[in-house]
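Notes follow once the structure below has been shown.
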Amino acid sequence: MSYQQARWIEPLIFELSKPGRVGSSLPGKPRGSINVPKELLREKLELPELSEPEVVRHYTRLSQMNYGVDSGFYPLGSCTMKYNPKVCEELAALETASCIHPHQAEETVQGALELMYRLERFLAEIAGVARISLQPSAGAHGEFIAMLLTRAYHKSERDGKRDRVIVPDSAHGTNPASAAMAGYEVVTVPSNARGRVDLEALKAAVSERTAALMLTNPNTLGLFENQIIDIAEVIHDAGGLLFYDGANLNGILGKTRPGDMGFDIVHFNLHKTFATPHGGGGPGAGPIGVQKELEKFLPVPVVEYDRKRKRYYFDYNRPHSIGKIKGFYGNFGVLVKAYAYLLLMGAEGLNEVTEAAVLNANYIMHKLLGVKGYELKFDASGPCKHEVVFSTESLKLETGVTARDVAKRLLDHGIHAPTYYFPPIVPEALMIEPTETEPREELDHFVDVLNTIAQEARSNPEKLRSAPTATAIGKLDEAKASREPILSWGTHRKSAKK
Amino acid sequence: MGHPYIPNTREIREKMLREIGAASIDELFADIPPKIRLKRELKLPPAMPELEVKRHVQAILAKNKPFTQMLSFLGGGVWPHHVPAHVRSLVQRSEFLTSYTPYQPEASQGMLQALFEYQSMIAELVGLEVANSSMYDWATALGEAALMCARVTRRKKFLVPELIGPERFSTLQNYASGPGLEPVKIGYDRTTGQLDLGQLRKELGQAVAGVYIENPSYLGFLETQVDEIAAAAHKAGALFVVGVNPISLGLLKPPGDYGADIVVGEGQPLGNPVSFGGPSLGIFACRGETKLMRQIPGRLIGMTTTLDGGTRGYCMVLQTREQHIRRERATSSICTNEALCAVAAAIYLASLGPRGLNDLAELCASNASYAMKKLNAVKGLKAPIFDAPHFNEFTMNCTDTRISIQKLNAGLLKRNIQGGKLLRTEFPELGETALLCTTELHSREDIDRLANALKELLGGRR
C-alpha cells in the first residue's frame, strides 16, 4: 500500500480566531445616516476573525483532506464521476457569464439566452424529446418538476383521479421521494430474476389510478431494461406517463434515446453525464425534457427566438405553465460548462464516451468475476452498461467481512469507495461505475486491489475491519453523531461548557 | 488517435474487447432492441478542439453586457457584491470542486468540516441553533419551509405577505400543491408597507401551519412589527418563518432573536457570483428542538469523534430523514444541493468577520439612504414609496412624471446605466415603480450619476 491522505490537525475556524483580525477590505466607509431604528439593530455577531493568509491556509488544508475525481479513481456507482475538463470552468468564470444579472434588459443578455437556446436543442436531440426546460437545480429537483408536470397533464385531460406513481424496487431513493413530495402515493414493483422490471407485476400494478412510472434505463444494476417497449405500452395503455430518470444516461449516449424508447418526460444530470463538477454535493443542474403534449406545462419562462427581430427572449406568456419552480432561470454557471463540454465532444465524442464507459464497466465485470468473493446476483449472461453491481455476500459468509468493510479498505489504497448497499435488492452490494475517463491500468489496479482485499479478508479480517487508516481520519462514531447531534460550533461550545 | 478525455485509445479498447470475449463494441449494446437503436449519428456539431470551443463560447458570451461594464442598480433576489479573489481561488481547488457528496467521511473530512463551519456561521448569523448545509435557492427553501411547517403542525394553511417576491410565491405554490397546502396572502399598509396585523390575526387559527415574512421585504423596506407577528403566530400554534438577505444581518437583529422558528434566505451574496441567477445558495435554519430538527430537509453535518473517542471528526447526520434511506417518507427529495456555494459563503464570512460584515451592511444601507434622498429630490420622483426604514433596496415611483419606468430605463441604458427592476407586471397597484439596489459596488458619484441622468431624462421632456 502506498497511499496516505493529508492529515492535518486542523482546528475549527472559530478556534483560530483572534480579536481584531480581518481578511477583507471595503471600498469605503459608511457615510451618513442609515435610517434604521436602534431596536432593529443587532447587538452581537460572533463570526471568526482572521487575516486572508490564515483563511487561505485553513481552507487549503481542508481541501487537502478531501478526495475528488482529480485525486484519483472514483467509481461511485450511479454518480458518473468522470473527469471535468478545466476549460469549462474557465468559461463559466468569465465576467460575461458570472457578472450578468437575471433582471438585466434583454438586449444586454443576448449571449446568455443564445447559449441556453442552443443547449436546449442539444439536449432535446440527445434525449429525443420535443422541448427542454433548463431550470431545475439538480436531479431530484428535475424529478419533482416532472411529477408536477405529470399532474398538470392529467388534470388538463380531466383525469385528475390518477394519484399513484409506480417505481421499481431498484429505483434511486429520490424517485419515490419526489413523487411523494408532489402528492403521489408510491407503488413499488419488484424486479425479476434477470434484474429487470417484472412485466407481469407491472401489469398487475397499473390501473386507472396510475399517473406515471419512474424508470431508470439502464437501471441501477447497470442493466438495460430490454422490455422497455412493452413496459411503455403497459403504462401508456393504462393512461399513465413514462418518466425517465437520467442518472444513467452515460450508458446510452448516441445508442438509443429515451424519447425513442417511449418516455414522455426525461431528466438530465448535467453534473453527471455532461461533466460539470459536483462540488462536494452541488451545484448541479437537472434540466427536464418533454414530448409535445406536455410542452405547454413547462415552468416559465422559456427561451424563444424572434426571427424577425433576430432577438432571443424569455416567454412568460404561457397560460398552461405550472409557473415558477425556483428563482430565475436555472443554474446558468453550470449550463455554460455543460454547453462547452458538448462542443468539446460533439456527436462522435458522445458516442465514444458511452462506448468507452460501457467497455470499462464490462471489463471490470469480466475481470472481477474471476476473483473469488465477488459475484453477480443478476444476469451474468449478457453485457452490463455503464456500471456493474457486485455482491460480496459469499465473502461475508466466509469471513464476516462486509461490503462496507471492503469499500472502506479501498480508501486505504487511494481509491474512492464504490456505492455500497445500493440497490437494496442486492445483498452486500458494491455498485461500480468506472466512467470513460479511466485508463485500463487504473481498472486493472482496481481489480488487483479488490483481490488483495478479498485475500486480506481471509487472512486478517480484524485488520481489514479497522480500515481506513490511510485517510485524513479513521472510522468515525456516526451513530453517536446522529444520537446526540452537534450541528454547529455554538452547540458544541454550549455542550462542552456543561 | 487518442482522445483528450478518454484515455483508452481505440487500439486499447480493441484489446480489451478481445480480452472479455466480445467480437465488437456492438456486442455490448446487443441488449438494446433494434427497434429503438439510434441508427444515425446524433445531430450535434462536430467535436471542436479546446481553443475553438473557448473562442466559440467567448464569442457567444461577448453578446452579454456584464454589470461590471456599466452602472447597474439591480437586486431583487440576487445582489452584486465584490467576491474577494481568494474565495474563488479556494473553492476552485480540485479537491473541493471535483468531489461528490461526502458519503465517505474518512476521505471527505475537508468538505465536511467546511460545511460544518458554514452551518455554524449561518446559525450564528440568523440567531438559530441549526442550519442545514444548503438548499437550491431562497425560493425552494421557502417551499420546503412551508412543507416542514405542515409536517410539524399537521395543518394546511400558510400565510405570506402580499408583497412577497413573486417568483418565490409562484415556487411556493408549486411546492405547496403536493400535500394540498394553501398559501394565503396577508395585505399591507398602503403608507408604510407593513403587514396588516388586523388581517393577520383574523386569518390565524387552528388551520394555520406557518406565518412567513420577508425582512428586508422584497421591496427593500424593513418589517418593524416583527415581535407582534411572532407573538400572534405562536399564540395560534403556528410556526414563524422569516426570509432574509444574509448581508443585512451584519446590521439587523437576527430573526432568531425576535421569535423566528425557521429562517430561509438567499446565500448568493456571501461570496458567490450573480451568474444570471444561478447557481445560488438556499439558506435553511431552524430552532434546535428535536421536533423541528427531525423534520428539517436536506443534508446536515455533525461533529463527532473517531470510534476510539480520540480525535474530533465530522460526518453527515440524521440521514434517516433523507431520500436515500427513507424513500417516499423522506422529509424532502433533495440530494444534490449547493455545497460548493456554501463553502464559498463560509470562506466569505470568515474573511469579513463580524466587523467586516457590519461595515459592509452599513455601507450598503447608507448608499441606499443616500440614493433615496437624491432620487426623491428629483422632481416627479418618489423614493421610497413606503414610509419605513430600508436596508439596501428601495422603490422609486415616477407615476407623476407621466413617463413610464420602461422608458426611463431605456434612456438610462443609452447612458450605460441599468436602472431598477420594473414592478408593474408584478404589482400593478404600485403604478410606475421600480426596485433599485445599492451595494458596496456603488460610490456616491455613481448614485449622483443616476440622479443626474434621471433629471436629464425627465427635464428633457418638459
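Here, each number is a calculation from the coordinates, and none is a lab measurement. Not measured: the values here are computed from a predicted model. When we count neighbours, we look across all protein chains shown, and the Cβ atoms used for this are built from the backbone with ideal geometry, even at glycine.
List of remarks:
- Taking every residue in B:140-149 and counting other chain Cβ atoms within 10 Å of its Cβ, the average works out to 2.
- Lys, Arg +1 and Asp, Glu -1 on Cβ, resulting dipole of chain B about Cα centre, debye, nearest 20: 1280
- Residue mean of other protein chain beta carbons inside 10 Å, B:366-372: 4
- Taking the stretch A:119-234 and dividing mean pair separation by its residue count, relative contact order in percent (alpha carbons under 8 Å, at least six apart): 24
- Under a model in which nothing but the beta-carbon of Lys, Arg (+1) and Asp, Glu (-1) is charged, the stretch A:187-301 shows a dipole of about 360 debye around its Cα centre.
- Taking a ≥ b ≥ c as the square roots of the eigenvalues of the Cα gyration tensor, an a/c ratio below 1.5 marks the stretch B:372-462 as rounded.
- Here the translational diffusion coefficient of chain B follows from Stokes-Einstein with Rh set to the Kirkwood radius across Cα pairs; for 4 °C and 1.567 mPa s it amounts to 52 µm²/s.
- Residues whose placed amide H lies under 5 Å from that of B:L307, excluding near-sequence neighbours: A:K475, A:L476, A:D477
- Helix B:109-126 vs. chain B, principal-axis angle (Cα, 0 to 90°, nearest 10): 10
- For A:K292, a cut-off of 22 angstrom between C-alpha atoms picks up these lysines, skipping any fewer than 8 places away in its own chain: A:K155, A:K324, B:K35, B:K43.
- Peptide packing for B:94-100, A:267-273, A:248-254 was compared via the average number of neighbouring C-beta atoms within 10 Å per residue; ordered from the highest value, the list is A:267-273, A:248-254, B:94-100.
- Using the Cβ of B:T425 as centre and a radius below 13 Å, the other residues enclosed give a net charge of -2, where K and R count +1 and D and E count -1.
- Peptide A:178-186 - average C-beta neighbours from other chains (10 Å radius): 6
- Filtered trypsin sites (Lys or Arg not before Pro), the stretch B:37-130: DSSP coil and at most 11 other beta carbons within 10 Å: B:K39, B:R40, B:K43
- The chymotrypsin sites (Phe, Trp or Tyr not before Pro) of the stretch A:1-72 that meet both conditions, a loop assignment by DSSP and at most 14 other Cβ atoms within 10 Å of the site Cβ, are A:Y3.
- Taking Lys and Arg as +1 and Asp and Glu as -1, the other residues whose beta-carbon sits under 10 Å from that of B:V317 total +2.
- Cα gyration tensor shape for chain A, rounded if a/c is under 1.5, else prolate or oblate: oblate
- When +1 charges are put on Lys and Arg Cβ atoms and -1 charges on Asp and Glu Cβ atoms, the dipole computed for the stretch B:284-434 relative to its Cα centre reaches about 240 debye.
- Burial ranking of peptide ranges A:335-347, B:225-237 (average Cβ count within 10 Å, highest at the top): A:335-347, B:225-237
- Dipole of the stretch A:348-479 [Lys/Arg +1, Asp/Glu -1 at C-beta], most positive-end residue of A:G474, A:L443, A:V389: A:G474
- Under the Karplus curve 6.51 cos²θ - 1.76 cosθ + 1.60, θ = phi - 60°, whole-Hz ³J(HN,Hα) for the stretch A:261-273, x wherever Gly or Pro sits: 6, x, 6, 9, 10, 10, 10, 10, 10, 4, 7, 9, 4
- Summing charges over all other residues whose Cβ lies under 13 Å from the Cβ of B:V274, with Lys and Arg as +1 and Asp and Glu as -1, gives -3.
- Sorting the segments A:216-226, B:135-145, B:419-429 by their residues' average number of neighbouring beta-carbon atoms within 10 angstrom, most packed first, yields B:135-145, A:216-226, B:419-429.
- Lys-Lys pairs in the stretch A:348-479 that are eight or more residues apart or on separate chains and whose Cα atoms lie under 28 Å of each other come to 22.
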